[in-house]
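**Q** Below is the structure I would like to discuss, written out as structure tokens.
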Amino acid sequence: MFEFLFLYARYANINSTTRILLCLFINSVYKTYVVCVARKTGGIRNGFTILCHGRMSMSRLSIIIPVYNAADYLDVCMYRLIDQVRRLRRDEYGYVTDNPDSLRAGIARDSVEIIAVDDGSTDRSLIILKEYADRYDFVKLIHQDNAGPAAARNAGLRVASGDWVWFIDPDDYADEDALEVIFEAVSRATDSQARDGIPDVIIFDAYEHIHRHRSGRHRRHHDNGTDNEDIVSVWEHFGESCVFTTEENIRVLQRAVLYPREIRALRGRPISVRLPRRIVPLAAPWDKVYRRDFLTENLLIYSEELRVLDDMFFNMEVFGLAKRVEYVKSPIYHYVRNDGSITSSYTADRVSRDLVVWDAIDRYIEANSAVDITWDKLLQACYKRIIRSYAICCKRSIFHPDNPMSRSNQVKYAAKVMGMPEYAEAFSGVRLSRLEWKLKPVAILGRLKCGGGMWVLSRMERARA
């Protein structure tokens, strides 16, 4: 009877008042909860969406935001989250309230916590975050000396109390129905726990925003200039929602974290996953929610020695230990490409930072090669990742316009990097037949240690951009 009433309350064509009263009846009779949320475009008069239900207690979500000099973006990021949390925090009549006595048993009130970690910002980021923390009791603020995004995420993870964890970046923002989508997915996963097992990771889709100036240069998403064109695409992982339960298939996801095209190995397998035309990266943490007990039981944290690609290494370890992974075909996040972000700005020491990552991956593969029969496939994925990163490094560091070195010294340095053991092993050990066509010239030039050839490739790519 409970399931019938719940489904009726959720899908029946009834008015808002009847839906709310039915939810309250279910809550009182079955000692459970049904959360009723008004859609952004609907409001209390135009209907409610049944968000989730569960017995005795509701799953809680901890949202962790590492912040460093993000004052220009923070208001957009925080508003998107706070607006949704306030929509969750409704009294029994559906009105937003901060009065705990008016909330249904305090369940909705404590369903979300936002943990903002200021990583030693030198702009107004900390001031802005303090204002939010003072105003909203579900916003927690941590301040620390600058130690990198990995250390900031770990600081948030240490104080997180939710059942699930969602990491987002301050220069991006959540979709307007993200929390609704997440809680509905978590509710389904929790309800099916006894029968199928609860997932360790739930993957979602996202939107990718590229704000390009007509001259070809990317612009910040807060730039209101008239010479911009906004390119938005869906960051879609698979063709339909699916569940990964076999070790072999989850290992494919692990390799795809390093090199996205590895996901093609799922084609023709019993799981019958339909892949989209465009293969998108799987390394980011912001399109996933993680079961916190899974992270803590396996001592999974971000490697603080890594100043780049720490999220990639984290997810490689996550998928190396996950037993069940679910994919929900619904976007929850807006990823914005910015000129000044870590992933696109000039970094003089990018090569040395990358070398630390390659060493960490090498130690991981060596430690797991005895128990992982697919370690050779993971090694090949690592080689491809190193070659791809070398091409990126040439573009954003070695041959970057802001690099003060002369052209001849840039070419010499590019050849020197090719001869470093980590890169030389990748260039010589990769199977060219399995490498995407645009990276094959990079691998061949790397084997020849031809820095001049990489300068030409970088110039051609910059001209096309």
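The values are calculated or read from the model by the stated rules, or taken from the named source; none is laboratory data. All figures in this text were calculated on a predicted structure; none of them were measured in a lab. Cβ sites come from the backbone with ideal geometry, for glycine too, and all protein chains shown count toward neighbours.
**Q** Could you grab me the full set of residues in segment 291-315 that are outside any loop (DSSP other than H, G, I, E, B) and out of contact with any Phe, Trp or Tyr (no Cβ under 7 Å at 6 or more places or on another chain)? Before you say what the answer is, go through the steps one by one.
**A** We begin by selecting, within segment 291-315, every residue outside any loop (DSSP other than H, G, I, E, B); these are 291-297, 310-315.
Passing the criteria: ASP293, PHE294, LEU295, THR296, GLU297, ASP311, MET312, PHE313, ASN315.
**Q** OK, next. Could you list, in sequence order, all residues of segment 103-135 that are in a loop (DSSP other than H, G, I, E, B) and at pLDDT below 95? Can you show your working first?
**A** From segment 103-135, those in a loop (DSSP other than H, G, I, E, B) are 104-107, 111, 120-124; that's our starting set.
Result: ARG104, ALA105, GLY106, ILE107, SER111.
**Q** Restricting to segment 429-444, what's the tally of residues that are closer than 22 Å to ARG353 by Cα and out of contact with any Phe, Trp or Tyr (no Cβ under 6 Å at 6 or more places or on another chain)?
**A** 2
**Q** Further question: Could you tell me which numbered condition GLN410 fails, if it satisfies all but one of (1) within 29 Å of MET316 (Cα to Cα); (2) surrounded by 17 or more Cβ atoms within 10 Å (Cβ to Cβ)?
**A** (1)
**Q** Restricting attention to segment 183-203, which residues are modelled with pLDDT under 95, of a type outside the set (Asp, Glu) and either part of a helix (DSSP H, G or I) or touching a His at 6+ places or on another chain (Cβ under 7 Å) (or both)?
**A** PHE183, ALA185, VAL186, SER187, ARG188, ALA189, THR190, GLN193, ALA194, ARG195
**Q** Can you give me the number of residues within segment 287-302 that are surrounded by fewer than 18 Cβ atoms within 10 Å (Cβ to Cβ) and either in contact (Cβ under 8 Å) with a residue 40 or more places away in the chain or not assigned by TED's automatic domain parsing to the domain that holds ARG324 (or both)?
**A** Filtering segment 287-302 down to residues surrounded by fewer than 18 Cβ atoms within 10 Å (Cβ to Cβ) leaves 293, 296-299, 301.
Of the ones still in play, those that are also either in contact (Cβ under 8 Å) with a residue 40 or more places away in the chain or not assigned by TED's automatic domain parsing to the domain that holds ARG324 (or both) are 293, 301.
Residues that pass the stated criteria total 2.
**Q** Yes or no: ARG264 outside any loop (DSSP other than H, G, I, E, B), surrounded by fewer than 16 Cβ atoms within 10 Å (Cβ to Cβ) and either within 16 Å of the chain's Cα centre (by Cα) or not assigned by TED's automatic domain parsing to the domain that holds GLU436 (or both)?
**A** Answer is yes for this residue.
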